[in-house]
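J.: After the structure tokens below, expect a handful of questions from me.
The values are calculated or read from the model by the stated rules, or taken from the named source; none is laboratory data. Since we're looking at a predicted model, the values are computed, not measured. Methodologically, a virtual Cβ is constructed for each residue, glycine included, from the backbone with ideal geometry; neighbour enumeration extends over all protein chains shown. With ligands, DNA and RNA removed, areas are computed over all heavy atoms of the protein, side chains included. Shrake-Rupley method; radii C 1.70, N 1.55, O 1.52, S 1.80 Å.
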Amino acid sequence: MASPQSSQSQTPDTGFDSITPGHQDASACDAEVELEPAELIARHQNGIWRYLRMLGCDASTADDLTQETFLRVLRRDSFVQHSDAATSSYLRRTAYNLLVSMHRKQRKVQTLCEPGLLDEIWDRWAGKDLSGDTAVESLRKCLATLTERAQIALRMRFAEQASRVEIGEALSITDHGARNLMQRAKQQLRRCVDEKLWQNENE
Amino acid sequence: MSENNHTAEEERAFDAMLDEAFGGSRPPDLSDQILSRFYNSDTDSDGTVQQVRQRKSSRPSRSRSKQVTVLAVAVTALAAMVAGVIALQPDHDITDSVTELVENAEHDAGGGNRPAVAGSGNDSRTQKPVKKKNPTRKLPKGIPMVVQTPDSDRTESELEQGDLPSSTNPDENEAAALAFVSAQVDAEMQNYWDAVGINPTPEATDEETVTRLGKILGAKVSADAVSEVDQLQAELAQSLNAEAIARRWLRQITNQRSGRMDAELRDRLVSEIARCIQTGGSFDKTVAGWLNGESENSGAFFSALAAGSRSVGGEHGMARSLAALTLNVDVRCTRCHDSYIEGTGQQSDYWNFFAFLKRSVRKDSDGQFEVDLGDNSSDPVFYELSDGRQRVADARVSAAWTSRSASEGYQRFQEFAKGLEGSSELASGVVNSLWQLVHGQPLRGGVVDPISAPNNEALERLEEQLTEDLIDSHFNLARTLALIIASPAMRRSVPEMLLPDNLWVASQEDTNAAMSAVDAFAAVLPPRVPLPASQRTDQVLRSLGMRIDSTGRSSLGQIGQGGTAPNVKRVKPLAADLPMKAELLPVQWLELIEDRESQINHLGYLAGQNEVPAYVQESVKSMNEAEVDTNLLLHRVWWLMKP
């Protein structure tokens, strides 16, 4: 794994100028697909928003930075749409830089790993359709395959923001037991989502 | 790496998906917001975004933009002033004074703004950002004038320098560049202070202004944004800020009553207003949607207007708030009689409007408000004239309140809703309401009000500028709010005489002068936390010696009550603005009312109450027992009830 970097000390101001659209995926540049701004936003906004959430943004920050990302890219004269994948990559890099920039401004120290590694994670889970829609939909379906106790634990954790102790109390297990239960459930979900994404890709 | 060989980033990514799968936040459709901002500020190129996100290297050029704009307005104003003076007073020898003005202006331009513009033209990276100081904002003092919009020649010349946004053409009824309008507002505000002879207090620091803004609006903006109106607009439109502003503005519109409505309805309404602020969407169409029932939040809107107890809200509260917001009409007096003081309102207009609302806005079986646009008839509404005669109301919106309606006014709700779209009445109502949100009183108050800015033509022009800009910008709330916040009035400091340390040593004359400046938006009051009714009552009683501590426990020292001496702990000081002495009545027209009870009732109506609340009546009783001077008593009654 690449060493994490502090957003307060890294990513220079010139980060926004240092990437060229389309260069991320030059092999996919055979056919240029020029989308109108409205189409471009509709195509990529879910992906960028989820990418920002993946970076740890809360929903409101993700809303704001998604808007800023598109505005910055749309206003850049040098922006060329080579392909969906290249555009998505360019937008993600812009969003990443905006987030780092925001952290620096707010003097927050939050570790963010290198964009390349984040891209790998993104591609694994949400990059299949560039939006993450399929992955989230698959995850919803996979939730039904869990045991009832595992579903309760995860629901309490993610829907009700309950602590491990509270989850343990609700299920009459220790907090350590609750943690293990959720880890196992998440591992099962990962496998299930992987399978479903693989099936989708091969259908 | 964490357990199961997953990195923290992978865990976070998967947790984010799980959060969404369990019904957490989902990706919103931001197309409208992005496109609106993209097309609305197309001329800003990528500058606006950089402003939003702290790209400090771009600050100097933004500052220069406004400096040049201020200079442009100053020169135009000077030209208009010279022309006006010569035209109006041809027989007077004004050569010297005009020459002096011109020389001063040239000196300001040459010695102040021009070097900053030229010097930092294309070399901003090597220079520190130059903050705007007072001198760059000050225009030649003198005769109040109408600041003209720029002629094409000057605009073009400035465009060539690349310092002004390129979309200013007022003839096409499009909103002028924000920085330009902001500079006009600056100029008009200075004109106003000059005309009414008030010296504004020194500018507060950007940080102080940001802190004050946070307390007023609940919004967080950067210090940089205070002097950069484009950046300010962008930051106000961010989601959290938009929601905080929407929430407080709704309270403002409803005279603080929205806090008492159903929370779910309120949240829906707040979200819709916040979306308007975020996207720059047309608020006039939103209002029309609420009024004609097409909006899903139509019922929520009327619930907000009618929220609160009978003493403050209900149907009369709804009529009062709706008339103020949508028509910029003050109906506080005309429920009971024609407007004697202002001389503009008729009692019949109020009751006709009330009947108009009553006919079309009703509660359904679930107690929710709904708009009924059918040709329904309703029970006639009777009202009593001041001479005791009864009259039946004619359900309609008076033609005197609207500039677009036919001579008989609006008789149908749909016509009324449609007529408000793009109307100057709605725009001025919104402008005054937003101004009140920021400054605590409308831009142009009434003569009847205890606190009101001295009215003159400059103030009227300022209101017209903001109103026209709101219409031209298609009712972009964030833009108008940014203009209001960026105006010189927002950056004023607290007068020394009103600082807590000086409060007890200040002479009445000094205090009056400071309060006059506050009334004219040329100074601000010390920050204060709004006190709930119980604490305000407590403060009044404590000032009378009727309550020794803030716990409310009785003591031997209390008048008319027994008890034991309490341990006096944590005695809070009295509020800085609690009236302790008063030479005059809160408003002089109260002299025309003979009995004190009626005077108190009138203060209640001014405060937006339907009747004087019980806690005020109790305080009045205590003050009467303590033989408090009438003037001071009425000042305290106003202090207890004022919005």
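J.: Tell me, Kirkwood radius of the stretch B:489-546 from alpha-carbon pair distances, in Å?
T.: Numbers: mean 1/r = 0.0776 Å⁻¹.
About 12.9 Å for the stretch B:489-546.
J.: Please give the FRET efficiency for B:GLU591 paired with A:SER60, using the beta carbon to beta carbon distance and R0 = 56 Å, rounded to the nearest 0.05. Could the numbers behind the result be given before it?
T.: Values: r = 53 Å, r/R0 = 0.95.
Computed FRET efficiency for B:GLU591 and A:SER60: 0.60.
J.: Across peptide B:31-38, how many C-beta atoms of other chains are within 10 Å of each residue C-beta, on average? Working shown, then result.
T.: Working: counts 8, 2, 7, 12, 7, 1, 5, 8.
Average neighbour count from other chains, rounded to a whole number: 6.
J.: Step through the table entries B:LYS418/B:LYS642; B:LYS363/B:LYS642; A:LYS128/B:LYS220; B:LYS220/B:LYS581; B:LYS581/B:LYS621; B:LYS581/B:LYS642, compare each Cα-Cα distance with 28 Å, and write down the pairs that go over it. Please report the intermediate quantities before stating the final value.
T.: Numbers: B:LYS418/B:LYS642 34 Å; B:LYS363/B:LYS642 30 Å; A:LYS128/B:LYS220 38 Å; B:LYS220/B:LYS581 37 Å; B:LYS581/B:LYS621 19 Å; B:LYS581/B:LYS642 18 Å.
Pairs exceeding the cut-off: B:LYS418/B:LYS642; B:LYS363/B:LYS642; A:LYS128/B:LYS220; B:LYS220/B:LYS581.
J.: So what are the ³J(HN,Hα) numbers for the stretch A:161-177, from phi and the Karplus equation (6.51, -1.76, 1.60; θ = phi - 60°), rounded to whole Hz, Gly and Pro as x?
T.: My calculation for the stretch A:161-177 gives 6, 6, 7, 4, 4, 5, 5, x, 4, 5, 9, 6, 9, 6, 5, 5, x Hz in order.
J.: Same structure again: Report the residues of the stretch B:249-267 in range of a label on B:LYS215: point 7 Å along Cα→C-beta, backbone N strictly under 11 Å from it.
T.: Once the point is set 7 Å along Cα→Cβ of B:LYS215, nothing inside the stretch B:249-267 turns out to lie under 11 Å by backbone N.
J.: Follow-up. Quick one: what are the phi-derived ³J(HN,Hα) couplings along the stretch B:272-283, Karplus 6.51/-1.76/1.60 with θ = phi - 60°, whole Hz, x for glycine and proline?
T.: 5, 5, 4, 5, 4, 5, 5, 8, x, x, 6, 5
J.: Another question, then. Sort A:82-94, B:616-628 for me by packing, meaning the mean count of neighbouring Cβ atoms within 10 Å per residue, highest on top.
T.: Details: A:82-94: 22.4, B:616-628: 16.4.
Packing order, densest peptide first, comes out as A:82-94, B:616-628.
J.: Roughly how many nanometres apart are two label points built 7 Å out from the Cα toward the Cβ at B:GLU496 and B:GLN617?
T.: 4.7 nm
J.: Okay, moving on. Taking all protein chains as present, what is the carbon and sulfur share of the accessible area of the stretch B:169-295, in % to the nearest whole number, probe 1.4 Å? Provide the component values of the computation, followed by the final result.
T.: Working: 1990 of 4540 Å².
C and S atoms contribute 44 percent here.
J.: Give the calculated FRET efficiency between A:ASP129 and B:GLN256 to the nearest 0.05, with a Förster radius of 60 Å applied to their Cβ-Cβ distance. Before the final figure, lay out the partial values.
T.: Numbers: r = 49 Å, r/R0 = 0.81.
Once rounded, the FRET efficiency stands at 0.80.
J.: On average, how much accessible surface per residue is there in the stretch A:46-203, in Å², for a 1.4 Å probe, leaving out ligands, DNA and RNA? Mind dumping the intermediate values first?
T.: Numbers: 6760 Å² over 158 residues.
That works out to 43 Å² for each residue.
J.: Averaged over its residues, how many other protein chain Cβ atoms are within 10 Å of peptide A:129-139's Cβ atoms?
T.: Details: counts 0, 0, 1, 5, 1, 0, 5, 8, 1, 2, 6.
Mean shielding by partner chains, rounded to a whole number: 3.
J.: Counting only other chains, what is the mean number of Cβ atoms within 10 angstrom of the Cβ of each residue in peptide A:42-54?
T.: For peptide A:42-54, the averaged partner shielding equals 4.
J.: Express in nm, to one decimal, how much length is gained between B:SER378 and B:GLN508 on full extension, taking 0.36 nm for each residue of separation and deducting their alpha carbon distance. Intermediate values should be presented prior to the final figure.
T.: Numbers: separation 130, 0.36 × 130 = 46.80 nm, distance 5.52 nm.
Additional length available on full extension: 41.3 nm.
J.: Between B:ASP15 and B:ASP364, what is the FRET efficiency for a Förster distance of 35 Å, r being their Cβ-Cβ separation, to the nearest 0.05?
T.: Details: r = 43 Å, r/R0 = 1.24.
After rounding to 0.05, the efficiency reads 0.20.
J.: Here is a further query. Once label points are set 7 Å from the Cα along Cα→Cβ at both A:GLU166 and B:GLU625, what is their separation, rounded to one decimal in nm?
T.: 4.8 nm
J.: Shifting gears a bit: In Å², rounded to the nearest 100, what is the total accessible surface buried by chains A and B against each other with a 1.4 Å probe? Before the final figure, lay out each step's value.
T.: Values: alone 11990 and 31760 Å², together 38500 Å².
Roughly 5200 Å².
J.: Also: Could you work out how far apart the two model spin labels at B:GLU207 and B:ASP267 are, taking each label as a point 7 Å from the Cα in the direction of the beta carbon, and quote it in nm?
T.: That separation, rounded to one decimal, is 3.7 nm.
J.: Sticking with this one: Taking 40 Å² as the minimum loss, tell me which residues in the stretch A:153-177 lose that much accessible area going from the chain by itself to the full protein complex (1.4 Å probe).
T.: Residues of the stretch A:153-177 that lose at least 40 Å² of accessible area once the other chains are added: A:PHE158.
J.: Okay, next question. Output wanted: per-residue J couplings in Hz (rounded whole) for the stretch B:609-623, from phi through Karplus 6.51 cos²θ - 1.76 cosθ + 1.60, θ = phi - 60°, x for Gly and Pro.
T.: 9, 7, 8, 6, x, 4, 5, 6, 4, 5, 5, 4, 4, 5, 5
J.: Probe radius 1.4 Å, ligands and nucleic acids ignored: give me the carbon and sulfur share of the accessible area of the stretch B:396-445 as a rounded percent.
T.: Numbers: 710 of 1790 Å².
C and S atoms contribute 39 percent here.
J.: Further, regarding this structure: What does the accessible area per residue of the stretch B:224-491 come to in Å², with a 1.4 Å probe and no ligands, DNA or RNA counted? Could you put the intermediate results ahead of the total?
T.: Working: 9970 Å² over 268 residues.
Per residue, the stretch B:224-491 has 37 Å² of solvent-accessible surface.
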